[in-house]
1. Within the range 143-160, is there a residue that is among the hydroxyl-bearing types (Ser, Thr, Tyr), touching a Leu at 6+ places or on another chain (Cβ under 9 Å) and closer than 15 Å to Leu55 by Cα?
2. Quick check on Thr114: is it polar (S, T, N, Q), at pLDDT 90 or above and touching a Gly at 6+ places or on another chain (Cβ under 8 Å)?
3. Within the group Asp139, Asp135, Asp129, which residue is surrounded by fewer than 16 Cβ atoms within 10 Å (Cβ to Cβ), closer than 27 Å to Gly48 by Cα and either at pLDDT 85 or above or among the hydroxyl-bearing types (Ser, Thr, Tyr) (or both)?
Amino acid sequence: MISMLEKPMPALLLVLLCLAAPLAGCAVKPVTVINENEFARMTRRMPGELQARRLLDADGSWLSALSLTGSGQYGETLLHRLDPSFMLGDSGHVYMGESFAAARLPESRLQRRTEGFTIQHPTQRIDLDMVAVLDWNDDGEKEWLVSCLVEPKRGGRTRTYYVLVPPPRDAEERLRGTVAAVYECFGLACSLYVRDSRNIARIAANPLAPPTEVQELTPGLQPVTAPPDKRPAQRDSDLKERNL
């Protein structure tokens, strides 16, 4: 299910490719950053991936978009309208409902923020934040980029999901996100998994179409021990592991 890909593209190689193919459109795309701390954390975790997607330049900087977009309602919108089913095997019996607000149990404690929220449950903590508005897969459509940290209370594996959410078209539309990347850590060992861009395009006729299934994925539990020149053959998968 998981296949190991090459290391993220070095910045120098990215620049050389842009110089060699000026018509390919290597200009950095503007990003409306809503939560600068979370976006900066993401750039440190996957600089090569973001450079390849033209969201960072060769120096690791991004181009801020001029926008009057307000952030006052992001937290409440995501709490009441985002479907939590994107969380692989982390949801268990805790977050089963059409939104985080609807799925919250009586013993859960909710902390609201302007750009997101935290839910403290006896077994885990959820930190969800609106991060940025950007064009992740270079299709001309802007998506909301949301980060969702799932951390068990008693230690173990933590995951940060980077989720692409089509912006709501009205005040009632339910939001269904697609996982673009997962940053998973067990102690100090961390892995990055990235979804193929072809599987995250918005379907204009049905923006709430279910995302590609990834529930059977078990990241981090299938270490690759083959040397670089003898890596296992790549298999079909939605989320692919990147070397960090």
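The values are calculated or read from the model by the stated rules, or taken from the named source; none is laboratory data. None of these values were measured; they are calculated from a predicted model. Every residue, glycine as well, gets a Cβ built from its backbone with ideal geometry; the counts of neighbours run over all protein chains shown.
1. The answer is no, given that none of the residues of the range 143-160 is among the hydroxyl-bearing types (Ser, Thr, Tyr), touching a Leu at 6+ places or on another chain (Cβ under 9 Å) and closer than 15 Å to Leu55 by Cα.
2. Criteria met by Thr114.
3. Going through Asp139, Asp135, Asp129 in turn, just one is surrounded by fewer than 16 Cβ atoms within 10 Å (Cβ to Cβ), closer than 27 Å to Gly48 by Cα and either at pLDDT 85 or above or among the hydroxyl-bearing types (Ser, Thr, Tyr) (or both): Asp139.
Each row is one residue, and each column tells you yes or no for (1) touching a Pro at 6+ places or on another chain (Cβ under 7 Å); (2) under 17 Å from Leu164 (Cβ atoms); (3) at pLDDT below 90.
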site: Leu14; (1), (2), (3): no, no, yes
site: Val33; (1), (2), (3): no, yes, no
site: Arg44; (1), (2), (3): no, no, no
site: Ser61; (1), (2), (3): no, no, no
site: His80; (1), (2), (3): no, no, no
site: Glu98; (1), (2), (3): no, no, yes
